[in-house]
Amino acid sequence: MRAQDRLRLNFHGVKAEVRSEHKGILENLKRDLGYFVDEFNDPAIRIKCTFAKPQLSGLPNYRAKYYKRDSIAFGSGDKRIVDYRGRAVTIYNYKSEVGEVISDDEAKLHEVTYLLLLSRVGEHLDDLGLHRVHGFGIRFNDHGVLGLIPEGGGKTTTLMSLLDDQRVRIFSDDTPVISGGKMLPFPSRMSLCLNDAPVVPDEFKRRFMRTERDEKVLIDLTYFKGRIGEPVSLDTIILGERTLSPTPNIRRVSRLRAVKPLMRDMVFGLGIPQLLEHFLRQTTGDYLHKTVIFMRRSMSAARILLQSRVYACDFGTDRAANKKAIISVLDGLDDGLSD
């Protein structure tokens with residue numbers, strides 16, 4: 001395999017390789033995950049992308065294990081085949097960590113490969129004690145700040161507004177990584193609604209039609225060059241909720257208020273980009289493995305909760321006011337006014 005036919009990525013020590021003769025797929029993945037591009041030998045995860053009509057004939061006669069609206073997963077032991085209702089097929093061996101994605105729809109091939117890659121990388125990160133959390137993560141001077149907002153509540157839009165302040169550095173708009181009491185960067189493409197992306201130059205934007213969802217605009221990582229943060233201790237958690245008030249209300253609250261959001265967004269990982277049909281294997285060994293992951297995530301969540309200030313923010317309809325309210329709290333962290 002020529003170097004130009006592969007993309008190698010190193011996710012905090014979890015090494016993965018994607019191979020394809022379809023240059024567009026590798027180019028899109030590089031735009032999605034350019035922060036992690038690296039060259040190395042012996043990747044732990046190998047995925048091949050094949051641009052061809054997906055076929056189920058000739059595949060092993062596995063029983064269905066998992067049903068979703070857009071897919072059916074079949075499996076036996078360490079092997080899994082997923083049929084995306086005729087639009088794509090994935091074949092994966094968990095023991096060897098080798099898989100293939102097949103589709104004659106370029107957008108679907110890209111989407112499934114991206115999510116399969118994150119699914120497998122995420123499980124390996126969990127085994128290393130590196131846990132993704134569904135929220136936005138930033139560094140503000142020497143403070144690590146985690147924003148926990150329900151799905152669809154505007155994590156990316158909020159983060160984009162905060163970037164107007166040059167003291168803000170990005171970890172992720174969607175899945176920063178927690179390791180012990182520290183936050184690590186896990187930047188990937190950002191996804192915005194069409195109406196929220198006009199300020200970004202066209203060369204950094206791609207239109208993206210997600211399966212059974214509204215069209216989005218993907219923002220390349222290169223747009224944020226120089227704004228990725230270095231690892232830092234996590235010491236602030238912001239719990240965000242949308243309201244119809246014209247002005248925001250942000251206040252210090254008890255750490256207990258963050259227990260439920262942390263369970264949702266970190267321990268259970270609801271909303272984390274991945275393919276459940278590949279994450280959940282429904283075998284005895286996998287149940288035991290996922291129990292260990294659950295316990296590790298729980299202990300990590302407890303640690304960051306004990307060391308963090310917690311704020312509740314009722315976001316209003318005025319985005320500029322929302323940003324101003326959050327920055328005022330972050331300024332207080334540096335001045336020691338929020339302790």
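Quick notes on this structure:
- Filtered residues of the range 287-317 (kept if over 18 Å from M263 (Cα atoms) and either assigned to a strand (DSSP E or B) or among the small types (G, A, S) (or both)): C313, D314, F315, G316
- Among the residues listed as Q282, Q274, Q307, the single one being over 30 Å from V112 (Cα atoms) and either outside the structural domain of G75 (by TED's automatic domain parsing) or surrounded by fewer than 16 Cβ atoms within 10 Å (Cβ to Cβ) (or both): Q307
- Hits in the range 253-268 (condition: surrounded by fewer than 21 Cβ atoms within 10 Å (Cβ to Cβ) and of a type outside the set (V, I, T)): S254, R255, L256, R257, K260, M263, R264, F268
- Some residue of the range 318-338 being without any contact (Cβ under 8 Å) to a residue 12 or more places away in the chain, among the aliphatic types (A, V, I, L, M) and part of a helix (DSSP H, G or I): no
- Residue within the range 49-59 that is of a type in the set (F, W, Y), farther than 30 Å from S179 by Cα and at pLDDT 95 or above present: yes
- Residues being in contact with a Phe, Trp or Tyr (Cβ under 7 Å, 6 or more places away or on another chain), assigned to a helix (DSSP H, G or I) and of a type in the set (G, A, S) - total across the range 141-171: 0
- Taken over the range 87-128, residues that are closer than 18 Å to G77 by Cα and of a type in the set (F, W, Y) amount to 2.
Yes or no, residue by residue, for (1) modelled with pLDDT of 90 or more; (2) surrounded by fewer than 15 Cβ atoms within 10 Å (Cβ to Cβ); (3) under 15 Å from T158 (Cβ atoms):
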site	(1), (2), (3)
R210	no, yes, no
R213	no, yes, no
K216	no, no, no
G226	yes, yes, no
P231	yes, no, no
T236	yes, no, yes
L239	yes, no, yes
T243	yes, yes, yes
R251	yes, yes, no
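- The residues listed here are M190, M183; of these, the one that is in contact with a Pro (Cβ under 8 Å, 6 or more places away or on another chain) and among the aliphatic types (A, V, I, L, M) is M183.
- Filter result (in a strand (DSSP E or B), under 20 Å from E27 (Cα atoms) and either touching a Leu at 6+ places or on another chain (Cβ under 6 Å) or free of Cβ contacts under 8 Å to residues at least 12 places away in the same chain (or both)) within the range 102-140: S103
- Scanning the range 45-76 for residues that are surrounded by fewer than 16 Cβ atoms within 10 Å (Cβ to Cβ) and under 22 Å from the mean Cα position of the chain (by Cα) yields K68, R69, D70.
Table: residues versus (1) in the same structural domain as D318 (by TED's automatic domain parsing); (2) among the charged types (D, E, K, R); (3) under 18 Å from the mean Cα position of the chain (by Cα).
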| position | (1), (2), (3) |
| --- | --- |
| F140 | yes, no, no |
| L148 | yes, no, yes |
| T156 | yes, no, yes |
| S161 | yes, no, no |
| D164 | yes, yes, no |
| R169 | yes, yes, yes |
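The values are calculated or read from the model by the stated rules, or taken from the named source; none is laboratory data. This one's a predicted model, so the numbers in the text were calculated from it and none came from an experiment. Reconstructed Cβ throughout: ideal geometry from the backbone, glycine too, with neighbour counts over all protein chains shown.
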